[in-house]
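The values are calculated or read from the model by the stated rules, or taken from the named source; none is laboratory data. As the structure is a computational prediction, the values presented were derived from the model and not from experiment. All Cβ positions, even for glycine, are placed from backbone atoms using ideal geometry, and neighbour counts span all protein chains on display.
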Amino acid sequence: MKILLYGVSHKSTPIQIREKYVIPQDLIATQYQDITQFDGVTEVVILSTCNRTEYYLYVDETTFMHGEMLRYIAEYTGFDVSEVISTSYGKSNNDVGEHLFHVTTGLDSLMIGETQILGQVKKALAESQKHHAVGPILSSLFNKAIAFAKRMHTTTKIDQVSFSPSTAAVKIMNAEFEDLVDKRIVLVGAGEMIQIVANQLAKQKVEQVSIVNRTLAHAEKVSDEMNEYTSSLHHPDKLRRYFSPFELKSLPVILAKADVAVVAASADGYLITPELLEKVAEIRKTEKSLLLLDLSVPRMIDPKSILFEGCTILDMDQISAQNGKTNEVREEVIKTIKEELEEELEKFSFWYRERKAVPYLNEIRSRNTLLKDRTLKSIQQKLPELSTHEYEVIDKHMASIINHLSRSPIQAMKEAAKMEKSENKQDYLDIYGKFFGLKISKEQPEKESEADE
């Protein structure tokens, strides 16, 4: 059995290729259904965010075929298998664990230390559980990574030195303009990323923010919430309107008056195109430039729009590049997390290697339970005059004796599984298994039974 990872991220793949790998929410169920049907696949977790798409698999390597998975990804993305191989990365076993721990803590993020990824990893695990695609191995791996990330956010200053794409966008706005208070800002979308941007703008008391969304009710809801929040911060005795909702069809008119637009949405095609910007230019009565920040993956601003005069366009990768500089505090926090991470990964490595001994441990416990039950039945037949209490006392002491006798072989199996040289690992287990007279079927499930008390 082996843990595998297939993936792309901002580190391996540019956005124009990476966006082809993104899995919309309405296709997640289909992918789980498809992949769990592949030969040898026993567990799957799919992590798809704006900056990465990753497939975590637990497979029986004797029947699983890498080519089948690669062809599946190729068919979905529209690339050739050779292109999938060249644009993606693959990892196995301990390397998968190390990678997931880095991802969950934000060390592998576009914005080092950003906190949104922790919620996205938790959501990915919950989604896999919803589709009954995860088992004890990946569930344990993900839960260990989530617990570690939570602990790091609590014990270090990572929350104070991290950026999310949304906060990075606001930082770019502040660098572009001396004061945002009187600037006209357009937010396209109404999801979490837009709400984070809106929250930051509310704190800065920006007076003219338009929220544009395909569904007007969603834009109205976010606008109402942000108006209440902004008023509570700056003049709690009076409700003022800083945020205004608009339908998507109003976008050309709204952009014509804007200084900045932030796009974080999803659609079948681009929302901002050269043709739309032509309409904006016809309405716009000023030569001032328009800053367009695209937080969407796939991108919602047509890359050809960069040729349009008077517009500065930054996509997710470019926003990251402008905010990628680290400071001394952040470097110290990252160093601390990596030191803690080494110890945590060693624990996971030991735990995972122990899993190789599970079929042997189950066989020992099963055999001992059978022996105890047969012996107790024989005693009941030969000594029928014993009371129920006396039988219970005998049963308890027999269990204690068997547990004591089993302790050494069980510990030996676990130690054999922990052997560093993986090529010898199964050999040691087989030797111990034969020594203790264990018969292990290759089809035996790798689910550990509870130890007898």
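Of note:
- Condition check for Pro252: under 21 Å from Ser296 (Cα atoms) and not basic (Lys, Arg): yes
- Boolean, Tyr242 is farther than 20 Å from Leu292 by Cα, hydroxyl-bearing (Ser, Thr, Tyr) and within 33 Å of the chain's Cα centre (by Cα): no
- Being among the hydroxyl-bearing types (Ser, Thr, Tyr), closer than 30 Å to Glu98 by Cα and in contact with a strand residue (DSSP E or B) (Cβ under 9 Å, 6 or more places away or on another chain) is a property that Ser210 lacks.
- Some residue of the range 252-267 being at pLDDT below 90, in the same structural domain as Gln195 (by TED's automatic domain parsing) and of a type in the set (D, E, K, R): no
- All of Lys221, Lys205 fail the test of being modelled with pLDDT under 95 and outside any helix (DSSP H, G or I), apart from Lys205.
A quick yes/no check of all residues on (1) under 21 Å from the mean Cα position of the chain (by Cα); (2) among the aromatic types (Phe, Trp, Tyr); (3) outside the structural domain of Lys20 (by TED's automatic domain parsing); (4) more than 22 Å from Ser266 (Cβ to Cβ):
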{"residue": "Tyr55", "(1), (2), (3), (4)": "yes, yes, no, no"}
{"residue": "Tyr58", "(1), (2), (3), (4)": "yes, yes, no, yes"}
{"residue": "Ala74", "(1), (2), (3), (4)": "no, no, no, yes"}
{"residue": "Gly78", "(1), (2), (3), (4)": "no, no, no, no"}
{"residue": "Val81", "(1), (2), (3), (4)": "no, no, no, yes"}
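- For Ile112: the one exception among (1) assigned to a helix (DSSP H, G or I); (2) β-branched (Val, Ile, Thr); (3) modelled with pLDDT under 95: (1)
- Qualifying residues in the range 15-52 (those that are assigned to a helix (DSSP H, G or I) and of a type in the set (Ser, Thr, Tyr)) - the one surrounded by the fewest Cβ atoms within 10 Å (Cβ to Cβ): Thr30
- Glu61 vs. criteria touching a residue at least 12 places away in the same chain (Cβ under 8 Å) and surrounded by fewer than 15 Cβ atoms within 10 Å (Cβ to Cβ): yes
- If you go through the range 280-297 and keep only what is in contact with a Ser or Thr (Cβ under 8 Å, 6 or more places away or on another chain) and surrounded by fewer than 18 Cβ atoms within 10 Å (Cβ to Cβ), you end up with just Ser289.
- First in the range 384-413 and within 13 Å of Arg365 (Cα to Cα) and assigned by TED's automatic domain parsing to the domain that holds Leu370, second anywhere and surrounded by 10 or more Cβ atoms within 10 Å (Cβ to Cβ) and among the small types (Gly, Ala, Ser), Cβ under 6 Å, 6 or more apart: Met413/Ala357
- Residues being surrounded by fewer than 18 Cβ atoms within 10 Å (Cβ to Cβ) and either free of Cβ contacts under 8 Å to residues at least 24 places away in the same chain or part of a helix (DSSP H, G or I) (or both) - total across the range 75-86: 8
- Test: residue in the range 178-199 that is surrounded by 14 or more Cβ atoms within 10 Å (Cβ to Cβ), touching a His at 6+ places or on another chain (Cβ under 7 Å) and not charged (D, E, K, R): yes
- Residues in the range 179-203 that are touching a Phe, Trp or Tyr at 6+ places or on another chain (Cβ under 9 Å) and under 25 Å from Thr273 (Cβ atoms): Lys183, Val186, Leu187, Ala198.
Each row is one residue, and each column tells you yes or no for (1) among the acidic types (Asp, Glu); (2) part of a loop (DSSP other than H, G, I, E, B); (3) in the same structural domain as Val212 (by TED's automatic domain parsing).
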{"residue": "Ser232", "(1), (2), (3)": "no, no, yes"}
{"residue": "Pro236", "(1), (2), (3)": "no, yes, yes"}
{"residue": "Arg241", "(1), (2), (3)": "no, yes, yes"}
{"residue": "Phe246", "(1), (2), (3)": "no, no, yes"}
{"residue": "Tyr270", "(1), (2), (3)": "no, yes, yes"}
{"residue": "Glu275", "(1), (2), (3)": "yes, no, yes"}
{"residue": "Lys288", "(1), (2), (3)": "no, yes, yes"}
{"residue": "Glu309", "(1), (2), (3)": "yes, yes, yes"}
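- Count of the range 209-240 residues which are touching a Ser or Thr at 6+ places or on another chain (Cβ under 6 Å) and farther than 22 Å from Met173 by Cα: 2
- Members of the range 53-74 found to be among the aromatic types (Phe, Trp, Tyr) and assigned to a helix (DSSP H, G or I), listed by number: Tyr72
- Any hit, the range 205-220, residues being among the basic types (Lys, Arg), within 32 Å of the chain's Cα centre (by Cα) and surrounded by fewer than 16 Cβ atoms within 10 Å (Cβ to Cβ): no
- Residue pairs meeting the criteria (Cβ under 6 Å; at least 6 apart or on separate chains; first of a type outside the set (S, T, N, Q), in the range 94-105; second buried (at least 18 other Cβ atoms within 10 Å of the Cβ) and outside any helix (DSSP H, G or I)): Val96/Ile3; Val96/Leu5; His99/Lys91; His102/Asp108
- Selection status of Leu277, in contact (Cβ under 8 Å) with a residue 60 or more places away in the chain and closer than 30 Å to Lys20 by Cα: no
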